[in-house]
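The values are calculated or read from the model by the stated rules, or taken from the named source; none is laboratory data. Not measured: the values here are computed from a predicted model. Glycine also receives a Cβ, built like all others from the backbone with ideal geometry; neighbour counts cover every protein chain displayed. Calculation scope for accessible area: heavy atoms of the full protein, side chains included, ligands and nucleic acids excluded. Shrake-Rupley method; radii C 1.70, N 1.55, O 1.52, S 1.80 Å.
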Amino acid sequence: MEVTQILLEAQSVDGSIRKCAEESLRQFQEQNLPGFLLSLSGELANNDKPVDSRKLAGLILKNALDAKEQHRKNELTQRWLSLDMAVKASIKGCLLQTLSSPVPDARSTASQVIAKIAGIELPHNQWPELISSLLSNTHQLKPHVKQATLETLGYICEEVSPDVVDQVEVNNILTAVVQGMNASEGNSDVRLAATRALYNALGFAQENFTNDMERDYIMRVVCEATLSPDLKIRQAAFECLVAISSTYYEKLAAYMQDIFSITAKAVREDEEPVALQAIEFWSSICDEEIEILDEYGTDFSADSEVPCFYFIKQALPALVPMLLETLLKQEEDQDQDEGAWNIAMAGGTCLGLVARTVGDDIVPLVMPFIQENIAKPDWRQREAATYAFGSILEGPSPDKLTPIVNVALNFMLTALIKDPNNHVKDTTAWTLGRIFEFLHGSAMETPIITPENCQQILTVLLQSMKDVPNVAEKACGALYFLAQGFEDVGSSSSLLSPFFQDIIQVLLTVTHREDAGESRLRTAAYETLNEVVRCSTDEAAPTVIQLVPVIMLELHKTLEMQKLSSEEREKQNELQGLLCGCLQVIIQKLGGAEPTKCVFMQYADQIMDLFLRVFASRNATVHEEAMLAIGALAYASGSNFLKYMQGFYPYLEMGLQNFEEYQVCAITVGVVGDLCRALEEKILPFCDGIMTQLLKDLSSDQLHRSVKPPIFSCFGDIALAIGENFEKYLIYAMPMLQSAAEVSVRVSSADDEIIEYTNQLRNGILEAYSGVFQGFKSSPKTQLLLPYAPVILQFLDSLYKKRDMDDAVMKAAIGVLGDLADTLGSNASALINQSVSSKDFLEECLSSDDHLIKESAEWAKLAISRAVSGSLAANLCICSTESSQVPVFLCPRRDGIVSHLVLALGVVLEVVNTMQDGDLHDLDGHHKYSGLDSTRNEIHARKLMVEISLDYDYGGANNKHDPRKGKPGPGSKNP
């Protein structure tokens, strides 16, 4: 097959030609995979072929080796490993040959494909000659070959784990990379490739950074590169410094004076991409010191992994003035641009982190700047002063800030209404929100919101909601935190109560503004409405009840919309999600007290009907919000929710089957728990279907791993609801719990994400055990649990010995010990006496500073005491149980459940593989669907190019402090 022409036709503007070419490629791949891959690699390596066909050949080749979804990635890995060795050798030869191509796109594509193959083969001890072969290229005289080779080495370091490459090769890689970065390297492309490669190789340099001479050399070369005449090299060098600051914080002391000099010069004089990275270095140092101080306080001992060097505190006198200068470098349209990120925003973000790091010490350094600029005629100075004030409100003590805020509050309220510049008003509203977030609430000794100023504050905020969208959005955010500060007043009167109806009316008006789609204004208004309702007192209940039909009508209107464009459909889905979220909050508020619940329940049938109609939308976010709202309605309705189950069950099942939008699946699992608590034993007719689907979920390698711990916990919810009727599911649930428990105590990792996930898994398992024991409590069938007791106690002992569980797991573990003793009583006393958990672990929990752990331990101690004081005969009977293995097939086969048991145990393998590979996929890395029309399955070449586009880079800009990367809160200063 002549692949060149097909590849070119796959990029044709003519849809029919494109579709035909794509089909030809698909058939070629399915009918002859080795030939297909050989053709692609040959195309990529052939310098006589067109650039476009070569590049697409490389992209498709890479796409045949890797995928975002873990299950698909595993399939492609196994497919490659199973290929004939000669075929693989030929493909790899073509790729290495392409690194010397004069065509940059071909070289770059080949670099990435080589790295993908390396990521598959090196962990399997295949292609051992790759690194040495590449290193030999770095001695080439041709700059483009050196550049491509260094780029490839960088991609390999990004792709493989450091433990896959031995230290000798690591040393050789670092030597080649650092030599390529050296100022003596005359070719800018080579130097840039080397600098970017170092960024990815830093994780391999642990041993090298412990050697003073090697570390000094690396740091010298990086610092020299920050002074390069080439902007891209300077930017890449600062990105290396940022990575070093977080990876090797404890090794930086000797270099900080020089680093401050070069970062200060870059911030003040260099172009924005470089200046942003220079600021990011100091933000990263703040992150490290905040984490250390949060974990250890000022008590550094031999047990402290990393001592705090107080770099920020030492640099404070020079660092703060530098950051304050950046605040004056605003852009004219930054508040209208939702994607804005500039030097002023980066500087303000860093200033906020500095405030969190040093606390009160920052205030006297910033206040003169504020006082000097807050009333200047130039809007930039007024805005910078306000931004500086808002940035330092988290970190310093309330005692330090409250007197300043009391003086400034009236000035800021006036500025929010009267300042002629929208930038200043935007930042003023944001700063007010920060004041209310950090200095307002029941825990504050000196309140800043008083009966004297509350009305003025509300008047100004509500008036500002009529302003331009970005200012109105920040005003909504300020009101959000103002309301939140009153959430602990309970049923007593709140200062907001007299104004509650006016607040609700203004917020509803904001949601109907024609420009409410700009600057997240509509979303902010509904979020604020929800918070105002959630934090309201009993006095506001009549108004909240009046709000129910209003929101129902709004949701009904969205369901009546017909023949919408894709843009209109997207807006409709967003609005439906907001309205479902609003109803959820209202249901929770009114369902919390009998008088209001009785009034609210008159709307329950209509609300449930609306929610069921919402599920017709093919939008994951809407499904999430509707599910959450139904969970709240079930909790409020109690056993009366049974009448809705027949209509709702198909959607419940659909949610549990939604592997692609795993957030929907996770929320649906939570709703099953809500239903169990609401319906109790009345959920029994639906349990076969639910348990079957939960077992399918656990058996799937397509479902995101984050959903699986809650599924285990859900077993406990079901057992607690149906009690001894859970007997039929024991033989399926308990072996799975045992296997998952064994995996969770075998995991050993320093990776924070793995540790967190492991504890989530353990917590889910323990909650399941607890639910099962409590469900069987006082049942004549408690003896069915006896065979599982040794395994469970062994799990608890193992957790204690591992010493790596968090507080939530510790509380759950000691609770399970108490539940086991309470349910099995004297029958388990001998086993309990033999357990470490019943002695050392219990004693440790009894002396815990965490009152929740201590309460659980006291309950467990009482339960154990009762069990041990039971009959000796019963104890001896239990002691005779020698096997800790639980028989699996003790009952007749039950269709739809047992067929998934063996598959479901695959969750254990999936967890093991995930933890061994360390491949923790970002939760945001999975696509959501959003009402796509029938064309969603058509794969056009342009779409194909996007989906399989080269996803490698050298790490890219370090923008973790760019608020776009985080979760924007209400009234967020930055988008």
> Which of the GluC sites (Glu not before Pro) found in the range 1-58 are in a DSSP loop and have at most 13 neighbouring Cβ atoms, other than their own, within 10 Å?
Replying inline: 2
> When the chain is fully extended, how far beyond the present Cα-Cα distance does residue 688 get from residue 17, taking 0.36 nm per residue of separation?
Replying inline: 236.5 nm
> Tally Lys/Arg at +1 and Asp/Glu at -1 over every other residue whose Cβ is under 11 Å from the Cβ of residue 836; what's the total?
Replying inline: -2
> Say each of residue 836 and residue 210 gets a label point 7 Å from the Cα, pointing the same way as Cα to Cβ; how far apart are those two points in nm?
Replying inline: 2.8 nm
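Pull out a ≥ b ≥ c, the square roots of the eigenvalues of the alpha-carbon gyration tensor of the range 473-623, then state rounded if a/c is under 1.5, prolate if not and a/b is larger than b/c, and oblate in the remaining case. Provide the component values of the computation, followed by the final result.
On the way: a/c = 2.35, a/b = 1.34, b/c = 1.75.
Oblate is the answer for the range 473-623, as a/c is 1.5 or above yet b/c matches or exceeds a/b.
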> Which aspartates and glutamates have a Cα less than 18 Å from the Cα of residue 232, not counting those fewer than 8 places away in the same chain?
Replying inline: 151, 185, 189, 224, 269, 270, 271, 272, 280, 953
>> Given the options 498, 141, 113, identify the residue whose Cα lies farthest towards the positive end of the charge dipole of the chain (+1 on Cβ of Lys, Arg; -1 on Cβ of Asp, Glu).
In response: 113
> Could you give the length gained on full extension between residue 48 and residue 399, defined as 0.36 nm per residue of separation minus the Cα-Cα distance, in nm?
Replying inline: 119.0 nm
> Residue by residue, what Karplus-based ³J(HN,Hα) values in Hz, rounded to whole numbers, does the range 266-283 have, using 6.51, -1.76 and 1.60 with θ = phi - 60° and x for Gly and Pro?
Replying inline: 5, 4, 7, 10, 7, 6, 4, x, 6, 4, 4, 6, 5, 5, 4, 4, 6, 5
> What are the GluC sites (Glu not before Pro) within the range 181-240 that DSSP puts in a loop, where the Cβ has at most 12 other Cβ atoms within 10 Å?
Replying inline: none
> Assuming R0 = 60 Å, what is the FRET efficiency of residue 594 and residue 798, from their Cβ-Cβ distance, to the nearest 0.05?
Replying inline: 0.85
> Modelled label-to-label distance, residue 72 and residue 421, 7 Å Cα→beta-carbon offset: nm?
Replying inline: 4.9 nm
>> If I take R0 = 30 Å and measure r between the Cβ atoms of residue 618 and residue 332 in this structure, what FRET efficiency does the formula 1/(1 + (r/R0)^6) give, to the nearest 0.05?
In response: 0.15
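Using the crude model of +1 on Lys and Arg Cβ and -1 on Asp and Glu Cβ, and no other charge, please compute the dipole size for the chain relative to its Cα centre, in debye to 20.
Computed about the Cα centre, the dipole is about 1540 debye.
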> What spacing in nm lies between the two simple spin-label points modelled at residue 126 and residue 446, each 7 Å away from Cα in the Cβ direction?
Replying inline: 7.0 nm
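Would you mind checking the pairs 92/116; 466/563; 251/802; 88/146 and listing those with alpha carbons more than 21 angstrom apart?
Correct reply: 466/563; 251/802; 88/146.
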>> Per residue of the range 95-112, what does 6.51 cos²θ - 1.76 cosθ + 1.60 with θ = phi - 60° give for ³J(HN,Hα)? Whole Hz please, x for Gly and Pro, Karplus curve as stated.
In response: 5, 5, 5, 5, 4, 9, 5, x, 8, x, 4, 5, 4, 5, 5, 4, 4, 6
>> Would the chain count as rounded, prolate or oblate if I go by the C-alpha gyration tensor, calling it rounded below 1.5 in a/c and otherwise prolate when a/b exceeds b/c, oblate otherwise?
In response: rounded
> Once the other residues with Cβ under 15 Å from the Cβ of residue 540 are scored (Lys, Arg +1; Asp, Glu -1), what is the net sum?
Replying inline: -3
> So which lysines pass the test for residue 781, namely a Cα distance under 29 Å, with those fewer than 8 places away in the same chain ruled out?
Replying inline: 682, 696, 708, 728, 811, 839, 861
> Over the chain, what is the mean sequence separation of C-alpha contacts under 8 Å (at least six apart), divided by residue count, expressed as relative contact order in percent?
Replying inline: 9 percent
> Full extension from residue 371 to residue 167: what is 0.36 nm times the residue separation minus their Cα-Cα distance, to one decimal in nm?
Replying inline: 67.8 nm
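Tell me the trypsin sites (Lys or Arg not before Pro) within the range 492-593 that lie in a loop according to DSSP and have at most 10 other beta-carbon atoms within 10 Å.
Here the trypsin sites (Lys or Arg not before Pro) that fit, given the DSSP loop and packing criteria, are 563.
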> Given a cut-off of under 8 Å on Cα pairs at least six residues apart, what relative contact order in percent is computed for the range 113-202?
Replying inline: 34 percent
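Tell me the carbon and sulfur percent of the accessible area for the chain, rounded to whole percent, probe radius 1.4 Å.
Working: 20790 of 41350 Å².
C and S fraction of accessible area: 50 percent.
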> For the chain, with the dipole built from +1 on Lys and Arg beta-carbon atoms and -1 on Asp and Glu ones, taken about the Cα centre, which of 375, 407, 25 lies farthest toward the positive end?
Replying inline: 25
>> Rolling a 1.4 Å sphere over the protein heavy atoms, what is the accessible area per residue of the chain, to the nearest Å²?
In response: 42 Å²
>> Given contacts defined as C-alpha pairs under 8 Å and at least six residues apart, what's the relative contact order of the range 157-276, whole-number percent?
In response: 23 percent
> Taking a temperature of 4 °C and a viscosity of 1.567 mPa s, what whole-number D in µm²/s does Stokes-Einstein yield for the range 11-54 with Rh from Kirkwood over alpha carbon pairs?
Replying inline: 113 µm²/s
> Among the aspartates and glutamates, which have Cα under 17 Å from the Cα of residue 777 when same-chain residues fewer than 8 positions away are ignored?
Replying inline: 680, 681, 717, 724, 727, 767, 819, 822
>> I'd like the FRET efficiency for residue 869 and residue 844, computed as 1/(1 + (r/R0)^6) with the beta carbon distance as r and R0 of 22 Å, rounded to 0.05.
In response: 0.45
>> Explain nothing, just compute: Karplus ³J(HN,Hα) = 6.51 cos²θ - 1.76 cosθ + 1.60, θ = phi - 60°, for every residue of the range 409-416 in order, whole Hz, x for Gly and Pro.
In response: 4, 5, 4, 6, 4, 5, 4, 5
> What's the local net charge at residue 585, with K and R +1, D and E -1, over the other residues with C-beta under 12 Å away?
Replying inline: -1
